[in-house]
1. Which of the residues that make up region 12-48 are polar (S, T, N, Q) and more than 18 Å from residue 2 (Cα to Cα)?
2. Which of the following residues is within 16 Å of the chain's Cα centre (by Cα), surrounded by 10 or more Cβ atoms within 10 Å (Cβ to Cβ) and assigned to a helix (DSSP H, G or I): 14, 33?
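What follows is calculated from the coordinates using simple rules that are stated; it is not laboratory data. Owing to the predicted nature of the structure, the values given are computational and were not obtained by experimental measurement. Ideal geometry is used to build each Cβ from the backbone, glycine not excepted, and the neighbour counts take in all protein chains shown.
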Amino acid sequence: MKKTLHIDEKTLREAREACGASTDTETMRLGLEALIRHAASQRLRQLRGSEKHVVDVPRHRGGAASPARR
C-alpha cells in the first residue's frame, strides 16, 4: 500500500539507525511492528491481577528443566 507521510528527516534517520533498516519503508514497517507489540504487551500488563479469587502460583526459574525441554 502506498501512503504519503510527512515525517521529520532527523526523526526518520534516527529511527533507521536505531532499528538497522536500510530503507525508509523498512524503517516504517519495523517501527509499526514494534508499536503493535508494545501495545499488545501493555494490554496484557493491564490484565495482570484482574482476577480477584485466584490463588497466586509460585514462579520457578532455574532448577531442573521441564520434560518438554530435555
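1. 22, 41, 42, 46
2. 33
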